[in-house]
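The values are calculated or read from the model by the stated rules, or taken from the named source; none is laboratory data. Keep in mind it's a predicted model, so treat the numbers as computed, not measured. Reconstructed Cβ throughout: ideal geometry from the backbone, glycine too, with neighbour counts over all protein chains shown. In case anyone asks, the SASA skips ligands and DNA or RNA and just uses the protein heavy atoms, side chains included. Shrake-Rupley method; radii C 1.70, N 1.55, O 1.52, S 1.80 Å.
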Amino acid sequence: MAVLKVKFTKTKRDKLAQVLWILNWISVVTGAILFSLGTFLKVELNKRGELMSERDVQYVPNTLIAVGLIACAINFLGGKICYDCVDTAKFLRWKVVLLPYTACTFFFTFCVLVGALMCYSMHWELEEALNLGLTQAMRFYKDTDTPGRCFLKRTLDILQIEFQCCGNNGYRDWFQIQWISNRYLDMSKKEVIDRLRSNVEGKYLMDGVPFSCCNLNSPRPCIQQQITNNSAHYNYEHQTEELNLWMTGCRQALLEYYTHIMQSVGLTVLITWLFELSVLTGVRYLQTSLENVLRQGDPNSDSDGWLLETSLMETARTNLSIIKNLGKNNQIDAGHNRDPNVDVPSTSKAHYGPDNVPPKHNTEG
Amino acid sequence: MALLKMKFNQQRRVRLAQGLWLLSWLAVTCGAFIFCLGVYLKTELLRRDEVMENTEIHVVPNILIMVGLASIGTNWIASRVCQDSMDASRFPRWKVLLLAWFVVAALLCCLLLAVVVLSYALQGRLEESLKVGLRNGIRFYKDTDVPGRCFQKETIDRLQMEFRCCGNNNFKDWFEVQWVSNRYLDFTSQEVKDRVRSNVDNRYLLDGVPFSCCNPASPRPCLQYHLTDSRAHYNYEYQSEELNLYGRGCRQALTDYYMGLMNSTGPGVLSVILIQMSVLLSMRYLQTAVEGAMALENPEEESEGYLLEKGVKETYQDVRAKVLNLVKFVQVDPADEGASGAAEGEKTADANTEKAATSPPAS
């Protein structure tokens with residue numbers, strides 16, 4: 001009742017071993033690619049680390065790096081094993097390791113799949129982190145004299161120029177915060193005092209944006225101040241003007257950028273997972289067929305290979321009972337309410353004769 | 001009296017052929033490297049094509065591309081010659097080609113040297129070209145509605161932001177040009193009228209710069225207008241303010257960038273020249289050694305390899321004599337034709353006089 005039984009001749013086994021050897025080496029390469037992708041993602045996330053609040057998005061690149069390294073190691077070992085499996089003499093060396101190796105590969109393949117799914121789920125965590133982070137950064141834009149925040153202005157300016165975006169959701173976010181430091185405001189001027197008094201918190205709010213929001217493609221020189229005032233600029237209509245400033249919000253722009261990276265990385269991880277799955281299946285077949293050959297005794301004979309010896313339910317039951325008994329190994333069997341000091345005669349049916357058999361005398365000679 | 005004579009036994013000849021085969025494949029990769037270098041340099045120059053007035057500087061990447069391709073072909077031929085050199089039946093067919101090969105290889109080395117020299121020598125021309133190109137770009141910055149010039153604004157803005165520079169020599173270049181188009185000027189306003197009347201050409205000049213000159217590293221929000229007026233902005237002093245705008249001129253920034261590119265490729269090109277020279281010399285030794293061995297009774301014996309059969313002076317005199325003979329051969333032919341033509345002319349004249357002499361007796 002084996003699951004997916006396949007008959008293997010000697011040549012088929014050898015071919016399987018060779019194919020697996022090649023597949024293992026390809027998987028080492030994909031493991032290395034995974035490792036480098038994880039490192040790349042980590043570097044990219046750290047570059048914009050100041051703009052993300054304290055959300056745990058680092059777990060994705062860390063998992064990818066770990067998975068990549070483990071994939072390299074496991075498949076390197078697998079390649080070595082498969083290379084040796086062609087020769088029955090060398091196979092005996094690896095016989096003991098093969099079953100645990102197959103089990104490890106099975107769990108590892110599962111981890112790879114989890115890694116792939118994590119790539120796609122990072123999207124929501126990242127959005128939250130960026131939302132909070134950008135709001136903070138914009139609030140501290142003016143604090144170029146506060147240690148620890150003095151580079152936020154530069155970071156935000158360069159971000160807006162590079163990603164062609166403005167503000168968190170749009171350029172109007174700049175209208176709601178004070179982005180000009182008090183050091184550069186002439187408090188003796190009436191206009192400044194009026195603005196400061198015009199809101200509850202005493203902030204100098206204006207309908208203007210920093211220069212980094214300016215759109216390169218605009219046919220006219222950039223209008224940064226008094227954006228909502230149509231009469232302040234000649235031939236200007238605020239509602240229809242689209243080319244003056246960048247229209248995208250930076251959260252949207254950054255999210256798109258990272259999602260694009262994550263999708264490519266996720267695709268690569270899925271391909272790696274498929275490779276690992278095929279390697280796992282091949283190794284399992286190879287292991288079972290070689291074990292059967294050894295059981296039969298003749299290394300050149302045909303043997304059967306399978307995925308599971310009995311059906312899925314029975315294998316699960318046997319494994320569970322093995323695990324249960326492992327725990328019971330050190331325990332005395334007091335489960336049937338028996339006093340361990342009482343001698344209970346053996347109920348075995350096999351009768352091997354009396355214990356006091358006289359020795360045979362050699363009467364000859 | 002051969003130049004740099006060396007003795008080669010059979011084993012050394014084989015080793016030389018093998019070593020040269022490896023060296024020539026290395027030279028092929030170097031040729032590919034030079035080609036890629038040329039392509040990269042050309043694309044970088046083409047990207048900023050709009051701010052350069054002439055394309056004289058393009059001669060450097062063009063030569064690199066040509067030399068790269070030629071070097072790949074030449075060194076591939078060298079590897080084929082090495083493979084055939086151990087086979088006495090196949091080697092003679094390369095004999096004629098080898099002379100041309102030496103000429104081509106020497107020419108490639110000279111061209112590469114010329115490239116290194118040119119990349120330093122053309123710096124002045126590059127600066128001139130950039131000066132004129134940038135001046136035009138700044139002048140046409142406002143003409144975003146004129147076909148053919150509508151992208152100047154975007155080009156200059158992008159350039160200033162990418163290279164962190166402002167204007168041609170510095171930011172004051174923007175004070176001398178009208179960079180705000182008349183379409184966006186309110187001519188009913190008194191301020192505009194005053195400014196336009198204040199200079200001879202009726203241009204709207206102001207002491208302001210475009211936003212792309214702004215330095216993100218400045219601690220204060222960018223000041224673009226009324227730059228020379230210290231009173232127009234709070235806590236601002238025009239003379240001592242350094243971080244507000246980019247301090248460098250774009251001409252300087254671009255020249256530095258391109259010179260840096262070409263200088264960093266200098267060592268690479270020099271090492272490629274060395275490799276090519278060593279291939280050339282080794283090929284000469286291999287050719288003379290194998291030819292010497294083939295001329296012997298026992299081809300497996302020791303033969304001599306040299307660079308030149310006679311000394312430098314004698315070889316030069318030989319070559320000169322050969323060239324002169326070639327020239328004389330060409331010159332003698334027309335002289336011969338003239339002489340034979342004159343002889344023919346004389347013969348026909350004689351024939352005519354004979355005819356004339358014979359005709360009167362007939363009449």
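Straight Cα distances below 16 angstrom link A:Lys15 to the aspartates and glutamates A:Asp84, A:Asp87, A:Asp302, A:Asp304, with same-chain residues fewer than 8 positions distant left out. For chain A, adding -39500 (n - 2.57) for each run of n ≥ 4 DSSP H residues and dividing by the number of residues yields -20000 deg cm²/dmol at 222 nm.
Roll a 1.4 angstrom probe over the protein heavy atoms and tell me the percent of accessible area of chain B that is carbon or sulfur. The nonpolar share, carbon plus sulfur, comes to 59 percent. Of the listed residues B:Tyr184, B:Tyr234, the order by accessible area with a 1.4 Å probe, largest first, is B:Tyr234, B:Tyr184.
Ratio of Rg to Rh for chain B: 1.30 [Cα atoms; Kirkwood radius as inverse mean 1/r over pairs].
Rolling a 1.4 Å probe over the protein heavy atoms gives segment B:174-322 an accessible area of 52 Å² per residue.
From the largest down, the protein assembly as shown spans 161, 114, 58 angstrom on the principal axes of its Cα atoms. Note on B:217-225: average number of Cβ atoms from other chains within 10 Å of each residue's Cβ is 6.
In terms of overall dimensions, segment B:51-117 has a Cα radius of gyration and Dmax of 16.5, 60 angstrom. Legend: Rg and Dmax of segment A:171-247, from Cα coordinates, 13.7, 38 Å. In this rough spin-label picture, where each label sits 7 Å from Cα along the Cβ direction, the A:Arg197-A:Lys95 distance is 9.7 nm. Taking every residue in B:203-215 and counting other chain Cβ atoms within 10 Å of its Cβ, the average works out to 3. Only Cα pairs under 8 Å and 6+ residues apart enter the sum, and on that basis the relative contact order of chain B stands at 24 percent. Loop only per DSSP, at most 14 neighbouring Cβ atoms within 10 Å: give me the GluC sites (Glu not before Pro) in segment B:113-188, ordered by residue number. Counting only loop positions with at most 14 other Cβ atoms within 10 Å, none of the GluC sites (Glu not before Pro) in segment B:113-188 qualifies.
Rg over Rh for segment A:63-149 works out to 1.38, using Cα positions for both radii and the Kirkwood form for Rh.
Whole-percent P(r), segment A:34-112, all Cα pairs, 5 Å bins from 0: 3, 14, 18, 16, 12, 10, 9, 7, 5, 4, 2, 1. The calculated Kirkwood hydrodynamic radius for segment A:2-75 is 14.9 Å, given to one decimal from all distinct C-alpha pairs.
Run the numbers on segment B:174-192: which residues show a drop of 40 Å² or more in accessible area, chain on its own versus all protein chains together, using a 1.4 Å probe over heavy atoms? Checking the loss per residue gives B:Tyr184. Label separation (A:Asp304 vs B:Met259): 8.2 nm, computed from points 7 Å beyond Cα along the C-beta direction. To the nearest 10, the accessible area of A:Met52 is 20 Å² with a 1.4 Å probe.
Its residue count N sets the reference 2.2 N^0.38 Å, and the alpha-carbon radius of gyration of segment B:175-247 equals 1.23 times that reference. The A-B contact accounts for roughly 2400 square angstrom of buried accessible surface, both chains included, probe 1.4 angstrom. Peptide A:207-215 is shielded by partner chain Cβ atoms: per residue, an average of 4 of them sit within 10 Å of its Cβ. Since only A:Pro299, A:Trp124, A:Ile177 are under comparison, the one whose Cα sits farthest along the positive direction of the charge dipole of chain A, derived from C-beta charges on Lys, Arg, Asp and Glu, is A:Pro299.
Hey, if you drop one equal point scatterer on each alpha-carbon of segment B:1-76 and run the Debye formula without solvent, what base-10 log of I(q)/I(0) do you get at q = 0.17, 0.23, 0.26 Å⁻¹? With one equal scatterer per Cα and no solvent, log10 I(q)/I(0) is -0.74, -0.96, -1.05. Using only alpha carbons, segment B:6-141 has a radius of gyration to Kirkwood radius ratio (Rg to Rh) of 1.20. Dipole check for segment A:25-70: with +1 at the C-beta of Lys and Arg, -1 at the C-beta of Asp and Glu, and the Cα centre as origin, the magnitude is about 80 Debye.
Run the helix sum for chain B: -39,500 (n - 2.57) per DSSP H stretch of 4+ residues, divided by residue count, reported at 222 nm to the nearest 500 deg cm²/dmol. My calculation for chain B gives -22500 deg cm²/dmol from helical runs alone.
A Cβ-based charge dipole, computed about the Cα centre of segment A:199-329 with Lys and Arg at +1 and Asp and Glu at -1, lands at about 440 debye.
For segment A:1-134, the spread of Cα coordinates along the three principal axes comes to 64, 32, 22 Å, biggest extent given first. Computed over chain B with a Gaussian network model linking Cα atoms closer than 10 Å, the most mobile of B:Asn136, B:Asn244, B:Asn235 is B:Asn235.
Can you send over the carbon and sulfur percentage of the accessible area for chain A, probe radius 1.4 Å, protein chains only?
Within chain A, the accessible surface is 60 percent carbon and sulfur.
Its Cα centre serving as origin, the protein assembly as shown has a Cβ charge dipole (Lys and Arg +1, Asp and Glu -1) of approximately 1060 debye. For chain A, the convex hull spanned by the alpha carbon atoms encloses 305 Å³ per residue. Of B:Val180, B:Ala70, A:Ser311, whose Cα points farthest to the positive end of the dipole of the protein assembly as shown (charges on the beta-carbon: +1 Lys, Arg; -1 Asp, Glu; origin at the Cα centre)? Result: A:Ser311. Give the lysines reachable from B:Lys153 as a straight Cα distance under 23 Å; neighbours fewer than 8 places away on the same chain don't count. Here the lysines satisfying the reach criterion relative to B:Lys153 are B:Lys131, B:Lys142, B:Lys172.
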